[in-house]
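Engineer: Here you go, one structure.
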Amino acid sequence: MDTKGIEACALSIRSLSMDAIQKAKSGHPGLPLGAAEVAAVLYGEVMKHNPADSKWVDRDRFVLSAGHGSMLLYSILHLAGYNVSMDDIKNFRQVGSKCPGHPEYGITDGVESTSGPLGQGIAVSVGMAVAESMLAARFNTAKRTIVDHYTYALVGEGCLEEGVSSEASSLAGNLKLGKLIVFYDENKISIDGSTDITFTDDIQKRYESYGWQVLRGSMYNVGEIADLVRIAKSEKDKPSIIILKSVIGKGAPNQGTAGVHGAPLGADGVKEAKKNLGLPEDKDFYVVPEAYEFFEKRRKELAQAEADWQAEFDAWKSENPDLAKLWDAYWNKKQTAEAPAPTYNVGDKLATRGASGKSLNCMADRYQWLVGGSADLRDPNKTAVKNDDGTYNASNRKGRTIEYGIREFAMSQVMSGINLHGGLRAFGATFLVFADYLRGSLRVAALSKIPNIYIFTHDSIYVGEDGPTHQPIESLAALRVIPHVQVLRPGDAEESQLAWETAMEATDHPVCMAFTRQDLPVYAKPADWKKNAVRGAYCVNGVENPDITVLATGSEVSMALEAAGLTSKKVRVVSVFDKGKFDEDEALQNEMIGGAKRVVVAEAGSRMGWEGYAKKSDLFTLNDFGESGPALKVAEHLGFTAAKLADLLNK
């Protein structure tokens with residue numbers, strides 16, 4: 001190991017970080033100054049990566065969970081030779097910069113995951129490790145190994161205080177993800193002061209109880225860090241957390257204090273820090289020459305490592321043509337088999353969650369790379385995949401069904417990690433009311449353009465006896481307001497199949513599907529209904545020149561059809577399959593409303609978002625919590641029935 005080269009890189013990370021933050025007059029210098037060595041060791045010695053090909057499929061992944069320390073990552077990416085220029089560094093935190101305030105996937109070359117909301121990074125790294133193990137089990141052969149890489153993450157106290165880190169770490173230990181290695185930057189400082197004021201967990205005992213290997217060392221001994229990684233790699237059946245004692249803001253005049261966490265050092269502070277660190281005080285954005293020299297040599301070695309892998313891959317491909325064809329399908333999201341869609345007759349009755357289960361199995365048959373599971377709700381969510389390779393666990397890495405346990409937030413982030421890793425597509429399921437538990441992850445997935453598939457069942461007051469704690473009155477509106485999240489609420493089994501087909505076609509955004517607990521009838525539709533449904537909405541009953549148009553979703557489509565039959569007025573019923581798209585298409589709105597002088601909205605949820613379509617008195621919605629009791633009794637009690645809707649239409 002070139003210790004001097006690594007140390008030159010660490011010093012350069014500190015130099016670039018403090019200057020970029022000072023120039024931006026904004027940022028978090030504490031972590032990059034305090035933890036520079038771990039980044040230098042990872043990129044300079046430990047990790048298998050190639051700056052010339054940041055998407056090499058068998059690269060090691062690194063996630064900066066403590067994303068506020070983003071200049072640490074941008075600095076090492078620049079030094080290593082990724083497409084992060086000195087001008088990019090100097091443009092830190094500016095509009096349009098490749099170096100935004102927190103790392104964003106798709107913006108900066110070499111950034112594997114959007115991070116910043118604390119705790120989410122360690123959870124997404126669990127998903128990446130899951131994906132690696134799944135692909136290794138499917139594609140490695142006795143003779144050739146083409147999937148063999150590690151996932152690394154850097155966390156701070158804040159990450160480990162957030163509950164999602166507990167959920168994800170517990171799951172990782174249960175799954176025995178031996179190729180997941182997490183570094184804990186233990187500096188004992190948070191924004192409000194010493195972490196002792198709020199955080200006195202024994203991290204070693206905590207992680208040992210999760211089933212992790214726990215190692216300890218100093219942030220400032222680069223040889224020791226490399227040795228600890230070797231020890232971590234020798235443990236095959238446990239993820240590892242390496243606790244590195246550090247000093248936040250090392251070298252700064254206010255090092256070791258909360259003041260250095262999240263504010264520029266100031267001109268005098270930068271000057272003093274450079275003096276303390278042995279950097280030229282009169283040079284901004286200074287890089288120690290040995291750092292560039294070190295990575296110039298290192299890049300040749302890394303490029304050769306990928307070339308060696310490519311030779312192994314080519315040999316594997318030649319020896320395993322069928323597997324190679326499957327590999328191409330996995331990575332390019334091609335269909336792997338033919339499977340007919342489920343078919344239904346008008347009048348068939350089944351819950352859309354049941355129809356979703358049939359559609360899920362159809363998709364799983366068509367696409368072998370589709371994996372996922374539910375948050376301990378496999379049967380209620382109808383997410384059991386038949387004829388698959390069983391449940392994914394430590395002894396069966398080929399399994400396609402993931403048992404997430406009661407960990408919705410971690411489930412969503414693991415899904416993101418799997419999808420970010422590549423080669424697989426992940427779905428996850430829970431009750432709609434629990435979407436709030438994973439909302440922070442869904443928001444980041446939307447920002448990152450990750451095509452996570454969310455199955456939300458038990459979507460209204462018809463949950464029944466479980467009562468208002470489980471009746472998601474506000475959840476649809478809450479999901480719809482997140483930018484770039486597609487929310488689908490199918491009204492019957494046929495629309496449920498279309499929802500799944502739509503979700504599988506999505507490539508750059510999450511898709512949320514809301515399904516019912518209660519049975520719904522399959523209703524007659526025009527022959528070309530799908531054409532308009534995928535645009536956002538379609539007319540179900542074909543009424544021309546309507547007096548009233550009812551815009552309905554999900555279970556309320558059949559309710560509206562029933563109500564229309566209880567009035568002498570000409571009522572057009574429109575199924576708003578995708579309200580987001582419907583909202584954006586004024587031409588479709590006019591076409592669907594069909595000139596009706598009156599529009600009524602029917603949805604078993606909050607009126608929020610529907611106000612622009614109908615006057616308040618014509619919003620047949622629910623704007624208070626539900627009630628405990630049998631589903632139909634609850635609906636009757638709340639005045640949410642076809643008869644009551646008909647009364648509204650007759651006014």
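Engineer: Across the range 415-434, what is the number of residues that are hydrophobic (A, V, I, L, M, F, W, C) and open to solvent by 10 Å² or more (accessible area, probe 1.4 Å)? If you could, list the steps in order and put the result at the bottom.
Structural biologist: Residues of the range 415-434 hydrophobic (A, V, I, L, M, F, W, C): 415, 418, 420, 424, 426-427, 429, 431-434.
So of that shortlist, the ones also open to solvent by 10 Å² or more (accessible area, probe 1.4 Å) come out as 420, 431, 433-434.
Looking only at that region, the number is 4.
Engineer: Can I ask one more? Of all residues in the range 310-348, count the ones that are of a type in the set (A, V, I, L, M, F, W, C), in a loop (DSSP other than H, G, I, E, B) and in contact with a Phe, Trp or Tyr (Cβ under 7 Å, 6 or more places away or on another chain).
Structural biologist: The number of residues fulfilling the criteria is 1.
Engineer: If you don't mind, another one. Somewhere in the range 265-272, is a residue under 26 Å from residue 164 (Cα atoms), open to solvent by 20 Å² or more (accessible area, probe 1.4 Å) and acidic (Asp, Glu)?
Structural biologist: No, the conditions are met nowhere in the range 265-272.
Engineer: Determine which member of the set 499, 506, 477 is farther than 25 Å from residue 612 by Cβ and hydrophobic (A, V, I, L, M, F, W, C). First the steps, then the outcome.
Structural biologist: Details: 499 fails: farther than 25 Å from residue 612 by Cβ; 477 fails: farther than 25 Å from residue 612 by Cβ.
Result of the check over 499, 506, 477: 506.
Engineer: Right, another one. Quick test of your reading of the structure: residue 112 fulfils all but one of (1) in contact (Cβ under 8 Å) with a residue 60 or more places away in the chain; (2) within 28 Å of residue 283 (Cα to Cα); (3) within 24 Å of the chain's Cα centre (by Cα). Name the failing condition by number.
Structural biologist: Of everything listed in (1) in contact (Cβ under 8 Å) with a residue 60 or more places away in the chain; (2) within 28 Å of residue 283 (Cα to Cα); (3) within 24 Å of the chain's Cα centre (by Cα), residue 112 misses just condition (2).
Engineer: I'd like to verify a number: residues in the range 334-365 that are open to solvent by less than 60 Å² (accessible area, probe 1.4 Å), more than 25 Å from residue 557 (Cα to Cα) and free of Cβ contacts under 8 Å to residues at least 40 places away in the same chain, how many?
Structural biologist: Looking only at that region, the number is 5.
Engineer: Considering only the range 17-45, how many residues are among the aliphatic types (A, V, I, L, M) and out of contact with any Lys or Arg (no Cβ under 9 Å at 6 or more places or on another chain)?
Structural biologist: Of the residues in the range 17-45, 6 are among the aliphatic types (A, V, I, L, M) and out of contact with any Lys or Arg (no Cβ under 9 Å at 6 or more places or on another chain).
Engineer: Just to verify a result, which residue in the range 503-521, among those that are part of a loop (DSSP other than H, G, I, E, B) and under 14 Å from the mean Cα position of the chain (by Cα), is nearest to residue 464 (Cα to Cα)?
Structural biologist: Checked the range 503-521; the qualifying residue nearest to residue 464 (Cα to Cα) is 510.
Engineer: When you scan the range 211-223, do you find a residue that is part of a helix (DSSP H, G or I) and touching a Ser or Thr at 6+ places or on another chain (Cβ under 8 Å), even just one? Working first, answer last.
Structural biologist: Filtering the range 211-223 for residues part of a helix (DSSP H, G or I) gives 222-223.
This time we only want the ones that are touching a Ser or Thr at 6+ places or on another chain (Cβ under 8 Å), so: 222-223.
Yes, that holds for at least one residue.
Engineer: Just to be sure before I move on: is residue 409 in contact (Cβ under 8 Å) with a residue 24 or more places away in the chain, open to solvent by 10 Å² or more (accessible area, probe 1.4 Å) and out of contact with any Leu (no Cβ under 7 Å at 6 or more places or on another chain) in the structure I sent?
Structural biologist: No; evaluated as a whole, the condition is false for this residue.
Engineer: Looking at the range 386-406, which of the residues that are at pLDDT below 95 and either open to solvent by 50 Å² or more (accessible area, probe 1.4 Å) or of a type outside the set (Gly, Ala, Ser) (or both) is farthest from the chain's Cα centre (by Cα)?
Structural biologist: If we take residues in the range 386-406 being at pLDDT below 95 and either open to solvent by 50 Å² or more (accessible area, probe 1.4 Å) or of a type outside the set (Gly, Ala, Ser) (or both), then 387 is farthest from the chain's Cα centre (by Cα).
Engineer: Kindly indicate whether residue 569 is under 23 Å from residue 513 (Cα atoms), modelled with pLDDT of 95 or more and of a type in the set (Lys, Arg).
Structural biologist: Considered against the rule, which asks whether it is under 23 Å from residue 513 (Cα atoms), modelled with pLDDT of 95 or more and of a type in the set (Lys, Arg), residue 569 comes out as no.
Engineer: Can you find even one residue in the range 535-549 that is in a helix (DSSP H, G or I), crowded, with 16+ Cβ neighbours inside 10 Å and touching a Ser or Thr at 6+ places or on another chain (Cβ under 7 Å)?
Structural biologist: No, the range 535-549 has no match at all.
This table checks each residue for (1) in contact with a His (Cβ under 9 Å, 6 or more places away or on another chain); (2) under 19 Å from residue 217 (Cα atoms); (3) among the β-branched types (Val, Ile, Thr).
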{"position": "7", "(1), (2), (3)": "no, yes, no"}
{"position": "11", "(1), (2), (3)": "no, no, no"}
{"position": "14", "(1), (2), (3)": "no, no, no"}
{"position": "24", "(1), (2), (3)": "no, no, no"}
{"position": "30", "(1), (2), (3)": "yes, no, no"}
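Engineer: Here is a follow-up. Inspect the range 98-107 for any residue being open to solvent by 10 Å² or more (accessible area, probe 1.4 Å), in contact with a helix residue (DSSP H, G or I) (Cβ under 7 Å, 6 or more places away or on another chain), part of a loop (DSSP other than H, G, I, E, B) and of a type in the set (Gly, Ala, Ser) and give the result as yes or no.
Structural biologist: Looking for residues that are open to solvent by 10 Å² or more (accessible area, probe 1.4 Å), in contact with a helix residue (DSSP H, G or I) (Cβ under 7 Å, 6 or more places away or on another chain), part of a loop (DSSP other than H, G, I, E, B) and of a type in the set (Gly, Ala, Ser), one finds at least one in the range 98-107, hence yes.
Engineer: Okay, next question. From the list 242, 189, exactly one residue is surrounded by 15 or more Cβ atoms within 10 Å (Cβ to Cβ), touching a residue at least 24 places away in the same chain (Cβ under 8 Å) and in contact with a strand residue (DSSP E or B) (Cβ under 7 Å, 6 or more places away or on another chain). Which is it?
Structural biologist: Every option except 242 fails the conditions.
Engineer: Shifting gears a bit: Take the conditions assigned to a helix (DSSP H, G or I), closer than 25 Å to residue 224 by Cα and either out of contact with any His (no Cβ under 8 Å at 6 or more places or on another chain) or modelled with pLDDT under 95 (or both) and apply them to residue 69. Does it pass?
Structural biologist: No.
Engineer: Another one. In the range 594-616, which residue that is in contact (Cβ under 8 Å) with a residue 24 or more places away in the chain and not in a loop (DSSP other than H, G, I, E, B) is surrounded by the most Cβ atoms within 10 Å (Cβ to Cβ)?
Structural biologist: 602
Engineer: Still on this structure: Mind listing just one residue for me: the one in the range 127-159 that is of a type in the set (Val, Ile, Thr) and in a loop (DSSP other than H, G, I, E, B) and, of those, nearest to the chain's Cα centre (by Cα)?
Structural biologist: So the residue we want is 147.
Engineer: How many of the residues in the range 224-239 are under 33 Å from the mean Cα position of the chain (by Cα) and open to solvent by 40 Å² or more (accessible area, probe 1.4 Å)? Steps first, answer last, please.
Structural biologist: Narrowing the range 224-239 to residues under 33 Å from the mean Cα position of the chain (by Cα): 225-239.
Now drop any that are not open to solvent by 40 Å² or more (accessible area, probe 1.4 Å), which leaves 227, 230-231, 233-238.
Looking only at that region, the number is 9.
Engineer: Scan 569, 530 and give me the residue that is over 23 Å from residue 361 (Cβ atoms), open to solvent by 10 Å² or more (accessible area, probe 1.4 Å) and of a type in the set (Lys, Arg). Break it down into steps so the answer makes sense when it comes.
Structural biologist: Values: 530 fails: over 23 Å from residue 361 (Cβ atoms).
Going through 569, 530 in turn, just one is over 23 Å from residue 361 (Cβ atoms), open to solvent by 10 Å² or more (accessible area, probe 1.4 Å) and of a type in the set (Lys, Arg): 569.
Engineer: Moving on. Report yes if residue 583 is touching a residue at least 40 places away in the same chain (Cβ under 8 Å), of a type in the set (Asp, Glu), surrounded by fewer than 22 Cβ atoms within 10 Å (Cβ to Cβ) and in a helix (DSSP H, G or I), otherwise no.
Structural biologist: Yes; evaluated as a whole, the condition is true for this residue.
Engineer: Scan the range 78-90 and tell me whether some residue there is in a loop (DSSP other than H, G, I, E, B), buried (at least 23 other Cβ atoms within 10 Å of the Cβ) and touching a His at 6+ places or on another chain (Cβ under 7 Å).
Structural biologist: Within the range 78-90, one or more residues are in a loop (DSSP other than H, G, I, E, B), buried (at least 23 other Cβ atoms within 10 Å of the Cβ) and touching a His at 6+ places or on another chain (Cβ under 7 Å).
Engineer: What are the residues in the range 160-186 that are open to solvent by 10 Å² or more (accessible area, probe 1.4 Å) and either at pLDDT below 95 or within 19 Å of the chain's Cα centre (by Cα) (or both), if any?
Structural biologist: 162, 163, 166, 167, 170
The values are calculated or read from the model by the stated rules, or taken from the named source; none is laboratory data. Not measured: the values here are computed from a predicted model. Cβ sites come from the backbone with ideal geometry, for glycine too, and all protein chains shown count toward neighbours. Quick note on the areas: whole protein, heavy atoms, side chains included, nothing else; ligands and nucleic acids left out. Shrake-Rupley method; radii C 1.70, N 1.55, O 1.52, S 1.80 Å.
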